[in-house]
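Undergrad: Got a structure here, written out as structure tokens. Questions coming.
The values are calculated or read from the model by the stated rules, or taken from the named source; none is laboratory data. Everything numeric here is computed off the predicted structure, so don't read it as measured data. Cβ coordinates were reconstructed from backbone atoms using ideal geometry, including for glycine residues, and neighbour counts include every protein chain displayed.
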């Protein structure tokens, strides 16, 4: 069947080698079978990648033939799609995007009511119906209605602006450098920055259907943004992944920092200038947020990896905010999932309100060194890894709610788990020094 990855992060595959039109039709039909309505209305959106229009047309045709009314929002960020599904009280939606995966990939991100991604239970039911090749194509007079909208990004930005007081940002005379990777950010972020009253300079800001470089934000892929920050004397640099749910940044001196700082900085803002309450993050998120929470008298709850696991926990426990260390901030009162546009606004307002540079703000946060590695192994045997981790790290606290994580007395840790988005196993370690973190990574590799 080719390469196909099924998880709470969607149905991801390589076009022409796994994710083909018949697969798209059957998975879309299975999605329709789970909608709780005889005549549902769903949102359809996509990112900028070359195959997006083709996949979207296949999805749209399948839904319409199945009696579903389709609202096509076109090219928009994933958080915008989540926001609009919630705002319009739709039955669900499909975001055609493989997020940070390479250009040959695409995916169906499956969304239910209230703009919430499918959880594992829903994915399991979807796969069951896919295996049965369930379809429910209607006669001509019962097919769905197709509508286009072009105001989704504007509505999303309005909600973000209502959440914060923009007056301090407007008075700060900030210059922001952006690398859009030719992704959805180029359609949304300039509008947001204009509303915030800041000056924007950018690269890779053309809709070509191809990404300007490897789309995942890393130190290697952010070098051009670093150069732009220095050349333009920008106050900060931002880069988003292709569907704009993740955000990474460059300091005003051109230093590239881990995307873990996105959530930490947003947490700093929210606990200092926003509301009150605990947060929830996934197991692989940096301990920086725990230190920030402690300084404000709050607690950080840990969940399994996956955006929906964090957002479900936030909703069920009525927590203030949360996110993931991959550059994703979630404030449920604004957007149901990770939202890089909101993250940009929060960080700029933090700079404006404190009158500090982004470098000064980052230096205030307790320092950890985090190493992220991966190996091309499609899955791991949980029981064996758990046993080997316990024997290798005898003095650590071990948790196995998602992969296996060892936590040490000094808050350093190492976590191994199969990826939800790629056929790889991820190993992440964090410690006070790079050497210690690398040592943890090597020890884990040796037990595989």
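Undergrad: Can you tell me which residues in the range 176-212 are assigned to a loop (DSSP other than H, G, I, E, B) and loosely packed, with under 15 Cβ neighbours inside 10 Å? Show your work before the answer.
TA: Applying the first criterion (assigned to a loop (DSSP other than H, G, I, E, B)) to the range 176-212 yields 180-184, 197-198, 204-212.
Once the filter is applied, which keeps residues that are assigned to a loop (DSSP other than H, G, I, E, B) and loosely packed, with under 15 Cβ neighbours inside 10 Å, the range 176-212 yields 206, 207, 208, 209, 210.
Undergrad: I'm checking my understanding of the structure. Among residues of the range 273-296 that are in a helix (DSSP H, G or I) and touching a residue at least 40 places away in the same chain (Cβ under 8 Å), which one is surrounded by the most Cβ atoms within 10 Å (Cβ to Cβ)?
TA: Out of the qualifying residues, it is 288.
Undergrad: Among the residues of the range 68-94, what is the count of those that are surrounded by 20 or more Cβ atoms within 10 Å (Cβ to Cβ) and more than 22 Å from the chain's Cα centre (by Cα)?
TA: Qualifying residue count for the region: 3.
Undergrad: Please go through the range 420-446 and pick out each residue that is assigned to a helix (DSSP H, G or I), in contact (Cβ under 8 Å) with a residue 60 or more places away in the chain and over 25 Å from residue 306 (Cα atoms).
TA: Of everything in the range 420-446, those that are assigned to a helix (DSSP H, G or I), in contact (Cβ under 8 Å) with a residue 60 or more places away in the chain and over 25 Å from residue 306 (Cα atoms) turn out to be 434, 436.
Undergrad: Where in the range 1-95 are there helices (runs of 4 or more DSSP H), lying wholly inside it, with at least 2 residues that are touching a strand residue (DSSP E or B) at 6+ places or on another chain (Cβ under 7 Å) and within 17 Å of residue 147 (Cβ to Cβ)? Can you show your working first?
TA: On the way: elements: 21-33, 52-65, 78-87.
Answer list for the range 1-95: 52-65, 78-87.
Undergrad: Condition first: under 20 Å from residue 12 (Cβ atoms) and either under 17 Å from the mean Cα position of the chain (by Cα) or free of Cβ contacts under 8 Å to residues at least 12 places away in the same chain (or both). Can you find one or more residues in the range 37-46 that meet it?
TA: For the range 37-46, residues under 20 Å from residue 12 (Cβ atoms) and either under 17 Å from the mean Cα position of the chain (by Cα) or free of Cβ contacts under 8 Å to residues at least 12 places away in the same chain (or both): present.
Undergrad: Just give me the residues in the range 393-429 being over 27 Å from residue 219 (Cα atoms) and touching a helix residue (DSSP H, G or I) at 6+ places or on another chain (Cβ under 6 Å), in sequence order.
TA: The answer is 398, 400.
Undergrad: Outside the structural domain of residue 26 (by TED's automatic domain parsing), in a helix (DSSP H, G or I) and either more than 23 Å from the chain's Cα centre (by Cα) or surrounded by 15 or more Cβ atoms within 10 Å (Cβ to Cβ) (or both) - does that describe any residue in the range 117-134?
TA: No, because not a single residue in the range 117-134 is outside the structural domain of residue 26 (by TED's automatic domain parsing), in a helix (DSSP H, G or I) and either more than 23 Å from the chain's Cα centre (by Cα) or surrounded by 15 or more Cβ atoms within 10 Å (Cβ to Cβ) (or both).
Undergrad: Additional query: Being more than 25 Å from the chain's Cα centre (by Cα) and assigned by TED's automatic domain parsing to the domain that holds residue 174 narrows it down to one of 390, 355, so name that one. Show your work before the answer.
TA: Working: 390 fails: assigned by TED's automatic domain parsing to the domain that holds residue 174.
Just one listed residue meets the conditions, 355.
Undergrad: Hey, any hits in the range 309-325 for a residue that's within 23 Å of residue 432 (Cβ to Cβ), out of contact with any strand residue (DSSP E or B) (no Cβ under 8 Å at 6 or more places or on another chain) and either buried (at least 24 other Cβ atoms within 10 Å of the Cβ) or at pLDDT 95 or above (or both)?
TA: No, the range 309-325 has no match at all.
Each row is one residue, and each column tells you yes or no for (1) buried (at least 16 other Cβ atoms within 10 Å of the Cβ); (2) more than 30 Å from residue 193 (Cα to Cα); (3) without any contact (Cβ under 8 Å) to a residue 60 or more places away in the chain.
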residue: 345; (1), (2), (3): yes, no, no
residue: 350; (1), (2), (3): yes, no, no
residue: 375; (1), (2), (3): no, yes, no
residue: 380; (1), (2), (3): yes, yes, no
residue: 384; (1), (2), (3): no, yes, yes
residue: 397; (1), (2), (3): no, yes, yes
residue: 406; (1), (2), (3): yes, yes, yes
residue: 409; (1), (2), (3): no, yes, yes
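Undergrad: Going through 1, 54 one at a time, which residue ends up being modelled with pLDDT under 95, more than 22 Å from the chain's Cα centre (by Cα) and surrounded by fewer than 19 Cβ atoms within 10 Å (Cβ to Cβ)?
TA: Values: 54 fails: modelled with pLDDT under 95.
Sole residue among the options that is modelled with pLDDT under 95, more than 22 Å from the chain's Cα centre (by Cα) and surrounded by fewer than 19 Cβ atoms within 10 Å (Cβ to Cβ): 1.
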